[in-house]
Amino acid sequence: MPTTQVEGIAISPLLWRYFVKPLTEKSEREVANLEDDDFVVRTVMKINSEIDGAYVFSSGKNMGAFKGVGNPGEIARFFKIEEYDGYIWTGHTRFPTNTPGWWGGAHPFTLLDWSIVHNGEISSYGINKRYLEMYGYKLTLLTDTEVVTYLFDLLVRRHGLDIETACTALAAPFWKNIDDMPNDEKEEMTALRMIYGSALMNGPFSILFGHSKGLVGFNDRIKLRPLVAATKGKTVYMASEESAIREICSSPEKVWSPRAGEPVIVELEI
Amino acid sequence: MFKSLSLPEFLAKIDPVKCIKCKRCINNCGWSVYSWGGDKVLIDTFKCVNCLRCYHYCPEEAITILDNPVKYRKNANWGYYNIRNLKKQADTGGIPLTGMGSDMPYPVLFDSLLIDACQVTNPSIDPLREPMELRTYLGKKPAKLEFEKAKGGKSKLKTKMPPQIKLEMPFIFAPMSYGSISLNAQKTLAIAAKELGIVMNTGEGGLHEDIYPYRSNIIVQVASGRFGVNPDYLNAGVAVEIKIGQGAKPGIGGHLPGEKIPLDIAKTRMIPVGTDAISPAPQHDIYSIEDLRQLIYAIKEATNYTKPVSVKIAAVHNVAAIASGIVRAGADIVYIDGFRGGTGAAPSVIRDHLGIPIEHALAAVDERLRQEGIRNEASIIAAGGIRSSADAAKAIALGADAVALGTSALITMGCTVCGKCYTGNCSWGITTQRPELTVRLDPEVYAERLINLIHAWSHELKEILGALGVNAIESLRGSRERLRGVGLDSHTLDILGVKPAGR
Ligand code: SF4
Ligand code: SF4
């Protein structure tokens, strides 16, 4: 992985980047009939949980994660991000609240082409983790944000929900609102909550979910963390605070605060 | 000659100065402790069970019930109950019976578990300001939700939801049959269940016509005696439960003697008046898991797949594997009854020595179903020793979808857990069929008290959720990360899937 010496980052893990092609002979994979993506996910889980000290930070096709312990500027320079082009960027820095900073525990958390950055805490982590474990996910990165990435992987990729429905499952409407919905919608929401109760993310969060076809911003169902969105021309900006948006786009055309639990879904124009 | 060589357990006393000789104690005592001696109340303290009915109904507070100060010599090995039961057996040659859950001092793991709370990094939520959701659905949940394209390109729900029991809060009333409890006690449960938006369970005694109006809040039970079971009965409630076992008496059946089968109970059970109502130990058509599957599907056929089928088992050593089999056999709900669960009548030796606690059983079952990837296939009801909303919260965190309340519900009706239900003399009119006793239990009045209890527990649960920083019960369900053990050994912690406090 191309990096450079940066003052302020005295030590770093050994970082390797491989461009790999999943084994083509399906019989060579541990379990036959695995799709490429499932095979990659399994391999990531295996490395993370079985090889002491080794972690996969990034396993996407057209997506990279640059993360570490240090100031954001230093990390950017360390990874030489000026050498990369991208149509979606997410950035994140934090005060390590519950766990001391470590390279694996930094944001984003990625799997395949899913990437999550997160401000807040998932108070329902305990059950979200056990729910994911039932589907073979292994949570090894010692932080709650990891569940968000895997929940999206499960709901969107494996269960085939569209992104909006997945977001609705993760930050579900309250029963009192569901009870007032027209019948079709009520039935749909009731089923969604019954089936995905253990995936409900509870606690304060605002989240940016990046994937190869777009970007989603959403926050918890009672908006315990801020989320602001803005547009200028064909570009969309989202951040916890408006000041962060104005830092890169000083005069946005439209700025708004999405309502609690209501996702802002941006699709790439191709 | 002596009356008995076993000591009276309690000493009933009347203060002669305070007593106004109103004789209420004589009328109120179901066990005939008191009688009129011409000028004063006579006391046969051997009969006293300390149910405290007389105490509450004495207008002068003239009555005291003491532990009998006359005791066998202190002995760490030969305790009171060892000696007493032995003497009783020497008197009669029979099996001493008992009622309610075991009173033996086995450790209660709920009392060694503590719940987490939010501080600083994750905010707690104020249940008085924010919505807190307790609604719970019991039944099979598909693993995923599927949509299909409908006309006009709109997507439409494709997944058919299996039938569910909707509960406004994660509590249900435990099965207690008409026969083991009075009709008034059952009515009290039914009225409260309807008002609260939860369910009661008929137990194995059939469904009395007075309970029919509450059918949308009733689970009907099919046990080994098959009392009162016919297609109408199966379709009468919101779900059907197959009773395999009961926590207080795993592996053994039940026996309601003919004297306790008057016309009304006989009609409800669909048996002749005065015949013994015998529930065999096993269901005579279930000798394997395949047989259970047949019965589950026979019931599903009979109810046209509109009702979830629950299977109730006692918590025994191999409960995890048994529960897994039950789920694979097609059950929508697994009801696990821990060994501390109550009973109307059981041999002491069985109640006090067979089975395992609900905490261990629940933890093992939830974990096993997850390992096998079938936890969504059935809901889990935990029962057998839920004494408070804290116990309920801990059970839910260990993995229960809902908890069942038997003894707790009866306590709101006056029960003092005296444990003498098997005598049929319950002074509170609960576990008796004597009309002069059952009239005391006014269902409307006592339902109010039961509703109060469940409201209070619901408020407490909401406070706990708020302190945990979550606003829906499903975020607590199975979230063992929010529990810590105090003073538990590492094996127990491992079984519970809980870390020790401080870690
Ligand atoms: S109820 Fe109380 S006051 Fe009345 S006879 Fe009994 S002991 Fe005396
Ligand atoms: S129901 Fe009646 S007999 Fe049974 S324990 Fe309670 S008070 Fe005693």
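The numbers here are math on the coordinates, done by the rules we state, and not lab data. Because the structure is predicted, anything quoted here is derived from the model rather than measured. Neighbour counts are summed over all protein chains in view; Cβ atoms, including those assigned to glycine, are modelled from backbone coordinates with ideal geometry.
Whole number please: convex hull volume per residue, Cα atoms of the protein assembly as shown, in Å³. Display every interim value, and only then the final one.
Details: hull volume 161.1 nm³, N = 773.
Normalising the Cα hull of the protein assembly as shown by residue number yields 208 Å³.
In sequence order, the stretch B:149-163 has phi-based couplings of 6, 9, 4, x, x, 6, 8, 9, 4, 9, 4, 8, 6, x, x Hz under the Karplus curve 6.51 cos²θ - 1.76 cosθ + 1.60, θ = phi - 60°, and Gly or Pro positions carry x.
For the residues A:93, A:24, A:143, a GNM of chain A with alpha-carbon springs under 10 Å puts the largest fluctuation on A:24. Would you pull out the residues with amide H under 5 Å of residue B:239's amide H, same chain only if 5 or more places away, H placed 1.01 Å from N? Counting only residues 5 or more places away or on other chains, the set is B:220.
Rg of the Cα atoms in the stretch B:285-422, relative to 2.2 N^0.38 Å, amounts to 1.10. Here chain B is assigned +1 on the Cβ of each Lys and Arg and -1 on the Cβ of each Asp and Glu. Its dipole about the Cα centre then comes out at about 160 debye.
A helix-only calculation puts chain B at -8000 deg cm²/dmol for mean residue ellipticity at 222 nm, using -39500 (n - 2.57) for each DSSP H run of at least four residues, averaged over all residues.
Restricting the stretch A:203-270 to GluC sites (Glu not before Pro) that sit in a DSSP loop and have at most 11 other Cβ atoms within 10 Å of their own Cβ leaves A:253, A:269. Global size of the stretch B:1-53: 11.7, 35 Å for Rg and Dmax (C-alpha atoms, Rg to one decimal, Dmax whole). Its relative contact order, with pairs defined as Cα atoms under 8 Å and 6+ residues apart, puts the stretch B:10-94 at 34 percent. Cys residues of chain B that find no other Cys beta carbon under 4.7 Å: B:19, B:22, B:29, B:48, B:58, B:118, B:415, B:421, B:426.
Whole Å is fine, so just give me how far the alpha carbon centre of the stretch B:363-402 lies from that of the stretch B:122-171. Cα centroid of the stretch B:363-402 versus Cα centroid of the stretch B:122-171: 19 Å apart. For the stretch B:10-94, the Kirkwood hydrodynamic radius comes to 14.4 Å, computed from all pairs of different C-alpha atoms. Put the Cα centre of the stretch B:458-503 next to the Cα centre of the stretch B:25-102 and the gap is 41 Å. Since only A:48, A:140, A:95 are under comparison, the one whose Cα sits farthest along the positive direction of the charge dipole of the stretch A:26-267, derived from C-beta charges on Lys, Arg, Asp and Glu, is A:95. For the stretch A:52-102, applying the loop criterion from DSSP together with a ceiling of 14 other beta carbons within 10 Å to the chymotrypsin sites (Phe, Trp or Tyr not before Pro) yields A:84, A:87, A:89.
The largest-to-smallest principal axis extents of the Cα set in the stretch B:341-446 are 53, 35, 23 Å. Between the residues B:25, B:76, B:94, the greatest Cα displacement towards the positive end of the dipole of the stretch B:10-94, with unit charges on the Cβ of Lys, Arg, Asp and Glu, is found for B:76.
A simple spin-label model places the labels of residue A:50 and residue B:436 7.6 nm from each other, with each point 7 Å out along Cα-to-Cβ. For the stretch A:170-270, the calculated P(r) over all alpha carbon pairs, in 5 Å bins from 0 to the bin holding the longest distance, is 2, 12, 19, 19, 18, 13, 10, 5, 2, 0 percent.
Maximal additional length on extending the residue B:209-residue B:44 stretch stands at 55.4 nm, based on 0.36 nm per residue less the C-alpha distance.
Sorting B:464, B:278 by the number of Cβ atoms found within 10 Å of their own Cβ, with the fewest placed first, yields B:278, B:464.
For chain A, count all C-alpha to C-alpha pairs, find those more than 33 Å apart, and express that count as a whole percent of the total. Of all Cα-Cα pairs in chain A, 22 percent lie more than 33 Å apart.
Against chain B, whose longest principal axis comes from its Cα atoms, helix B:80-92 is set at around 70 degrees.
Phi angles across the stretch B:476-492 convert, under the Karplus curve 6.51 cos²θ - 1.76 cosθ + 1.60 with θ = phi - 60°, into 3J(HN,Hα) values of 9, 4, x, 8, 5, 4, 8, 10, 9, x, 10, x, 9, 6, 5, 5, 5 Hz, Gly and Pro given as x. Our Cα-only numbers for the stretch B:159-292 put the radius of gyration and Dmax at 14.9, 52 Å. From the Kirkwood radius over Cα pairs of chain B, Stokes-Einstein at 4 °C and 1.567 mPa s returns a whole-number translational diffusion coefficient of 54 µm²/s. Taken about its Cα centre, the protein assembly as shown carries a charge dipole of about 1700 debye when Lys and Arg each add +1 at the Cβ and Asp and Glu each add -1 at the Cβ. Working value for the stretch A:139-192: equivalent-ellipsoid semi-axes of 26, 13, 7 Å, each the square root of 5 times a Cα gyration tensor eigenvalue, largest first. Rounded to the nearest 20 debye, the dipole size of the stretch B:280-371 about its Cα centre is 100 debye, using +1 on the Cβ of Lys and Arg and -1 on the Cβ of Asp and Glu. Once backbone amide H atoms are built at 1.01 Å from N, residue B:335 has B:311, B:312, B:313, B:381 as its partners under 5 Å, excluding neighbours fewer than 5 places away on the same chain. Put simply, the amide H of residue B:277, placed in the peptide plane, has neighbours under 5 Å in B:256, B:258, leaving out anything fewer than 5 places away on its chain.
For the stretch B:148-198, the list of trypsin sites (Lys or Arg not before Pro) that fall in a loop by DSSP and count at most 15 other C-beta atoms within 10 angstrom reads B:154, B:158, B:160. Normalised by the number of residues in chain B, the mean separation of alpha-carbon contacts (under 8 Å, six or more apart) gives a relative contact order of 19 percent. Rounded to the nearest 10 degrees, the angle from helix B:289-302 to the longest Cα principal axis of chain B is 80 degrees. Short-range pairs are left out: with C-alpha atoms under 8 Å and at least six residues apart, the relative contact order of the stretch B:294-424 is 24 percent.
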